[in-house]
Amino acid sequence: MITILQWFLVLASSVGLYFVAPLARTADEFFRGSRREQAPNALFLTSSLVISWLFAKSITNAANLGQSFGLVGGVAYAGYYLSFVVAGLVIIRLRTRGGYLSIHHFLETKFGRGAIVVFTFLIIIRLYNEIWSNTIVIGSYFGATGTLPYYVAIVVFTLLTLAYTLKGGMSSSIMTDVIQMALFVVLLVVILGFIFPAQEGGIQSFATSGTWDLAHGLDLLLVAVIQCFSYPFHDPVLTDRGFISAPKTTLKSYLWAGLIGALCIVFFSFVGIFTRLQGLEGEAPVAAARYFGAPMLLLMNLIMVTSASSTLDSAMASFSKLVSIDLSRSPLPKVSTGRLAMVALTVLGTIPVFFDPTILSATTVSGTVVLGLAPIFLFWSARVPRIAFHLSVVGGLLLGGTLSFITLPDWLIFTEGKYAALLSTNVITSVYCFSVFGISCLTGRIRRGHKAI
């Protein structure tokens, strides 16, 4: 009976979104989310930003980290939402002071076509990861990893999300994001309404859970803070929305989205904290759902469906824009090309599901290998030679990737804790990236000085 109700929720929500989603007929509607020639307002843009980053994998990670480290774990993962503040401030300056129309426009103008090739490689990996890392969360509510129900749920859910996204592109994504954001908040409040009364000591027991030191979760918070200066720029789901509304509306939306998103992550980590206090084992959302029984299981299932579908449709919309506009020199992007790109990403992004990947790695590893983007965007107006991009970004990719997959010697581990090696990797890679960028900047100044003489 529970399984039937779960399938009903998936089918009803996805089919409902298909009928709600607008049909995009023009390139502006499909790629920029405009409706009746109007850009999204602050409410629509903020809602879209928040729910697009409240991935199924993110709220699952938040709950699991709450289970492992208490409130420290939730706050640590919420640290990634500083990315909204960083991205918002930088994008507004790129638009108003630099006159750039997109991230790709900035990179090609300043660093050349080679930079576009490297950057495109990074964001394709990002979008590719978003498909499988969210759908496997949905599959876990229908069966154990590797079972037929698990795979069937993933495939059906992915195809239903693709259907309504094909209909309207970015317009569909933003319109449905508002509905999904409202539903997410309601579901979160209801879930917390189950959890708080069931825990002795109430909210105080949640607030005092965990130990605030580097060995018990704070190391991950430091990783998040380091990565937030580069992480947002390889996520077109986040950056594309920075160029479609007026600058004031955009900045306001990014700042509010950072605060609201961080609060949602912290509150959802209470699910994991509850399982920690109750001594429950297993994946935190699933363990909590089993503890409360069928009503909670259905609520948890629906909130995962809501967050996963919002992320998938955003990833599909961004990939279609990447292929049809950012990488194409055609002055008239074709909606049909964008739709074909969505289908291609969906098929390729589902393949990893069959190789049992881990969802946290989709965040931590991808965040490490793009650390070289930080100096490029933080110091976007600095006059540097084009080689600075490749030294920082490609060098950071190779160094961060290598250090992520080898065992670091003890003398390079700065702290104790589960994420000590990850923190060291991020510190070492960041020092390298900022150093080579700074040296390139100084070298460029010296050369310009010699030419002036």
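The values are calculated or read from the model by the stated rules, or taken from the named source; none is laboratory data. Only a predicted model underlies this, so the values are computations on that prediction, with no experimental measurement involved. Cβ atoms come from the backbone with ideal geometry, glycine included; neighbour counts cover every protein chain shown. The protein model used for the area step is the full one, side chains on, heavy atoms only, and it has no ligands, DNA or RNA in it. Shrake-Rupley method; radii C 1.70, N 1.55, O 1.52, S 1.80 Å.
Would you be able to say whether some residue in the range 382-395 is more than 24 Å from Ala115 (Cα to Cα), within 27 Å of the chain's Cα centre (by Cα) and open to solvent by 40 Å² or more (accessible area, probe 1.4 Å)?
Scanning the range 382-395, I find no residue that is more than 24 Å from Ala115 (Cα to Cα), within 27 Å of the chain's Cα centre (by Cα) and open to solvent by 40 Å² or more (accessible area, probe 1.4 Å), so the answer is no.
Restricting attention to the range 408-431, which residues are farther than 23 Å from Ser68 by Cα and more than 25 Å from the chain's Cα centre (by Cα)?
Leu408, Pro409, Asp410, Trp411, Leu412
Output the residues belonging to the range 31-83 that are basic (Lys, Arg) and open to solvent by 30 Å² or more (accessible area, probe 1.4 Å).
Arg32, Arg35, Arg36
Go through the range 1-88 and tell me which helices (runs of 4 or more DSSP H), entirely inside it, have 2 or more residues that are in contact with a Ser or Thr (Cβ under 6 Å, 6 or more places away or on another chain) and within 23 Å of Tyr254 (Cα to Cα).
27-32, 42-53, 56-69
I'd like to know if the range 198-212 contains one or more residues that are acidic (Asp, Glu) and open to solvent by less than 20 Å² (accessible area, probe 1.4 Å).
Checking the range 198-212: not a single residue is acidic (Asp, Glu) and open to solvent by less than 20 Å² (accessible area, probe 1.4 Å).
Of all residues in the range 224-257, how many are farther than 20 Å from Thr425 by Cβ and part of a helix (DSSP H, G or I)?
Selection size over the range 224-257: 19.
Can you find even one residue in the range 261-269 that is touching a Gly at 6+ places or on another chain (Cβ under 8 Å) and polar (S, T, N, Q)?
Scanning the range 261-269, I find at least one residue that is touching a Gly at 6+ places or on another chain (Cβ under 8 Å) and polar (S, T, N, Q), so the answer is yes.
Considering the range 368-379 alone, what residues qualify as being surrounded by 17 or more Cβ atoms within 10 Å (Cβ to Cβ) and part of a loop (DSSP other than H, G, I, E, B)?
Hits for the range 368-379 are Val370, Leu371, Gly372.
Residue-by-condition table, conditions (1) in contact (Cβ under 8 Å) with a residue 60 or more places away in the chain; (2) open to solvent by 20 Å² or more (accessible area, probe 1.4 Å):
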site: Phe292; (1), (2): yes, yes
site: Leu298; (1), (2): yes, yes
site: Ser309; (1), (2): yes, no
site: Leu312; (1), (2): yes, no
site: Ala317; (1), (2): yes, no
site: Val323; (1), (2): no, yes
site: Leu327; (1), (2): yes, yes
site: Ser330; (1), (2): no, yes
site: Lys334; (1), (2): yes, yes
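Restrict the check to the range 90-106 and report whether at least one residue is in contact with a helix residue (DSSP H, G or I) (Cβ under 7 Å, 6 or more places away or on another chain), among the small types (Gly, Ala, Ser), touching a residue at least 12 places away in the same chain (Cβ under 8 Å) and assigned to a helix (DSSP H, G or I).
From the range 90-106, those in contact with a helix residue (DSSP H, G or I) (Cβ under 7 Å, 6 or more places away or on another chain) are 90-92, 94-96, 98, 100-104, 106; that's our starting set.
Then keep just the ones that are among the small types (Gly, Ala, Ser); that gives 98, 102.
When the remaining residues are screened for being touching a residue at least 12 places away in the same chain (Cβ under 8 Å), the result is 98, 102.
Filter again for assigned to a helix (DSSP H, G or I), leaving none.
Scanning the range 90-106 turns up no residue that is in contact with a helix residue (DSSP H, G or I) (Cβ under 7 Å, 6 or more places away or on another chain), among the small types (Gly, Ala, Ser), touching a residue at least 12 places away in the same chain (Cβ under 8 Å) and assigned to a helix (DSSP H, G or I).
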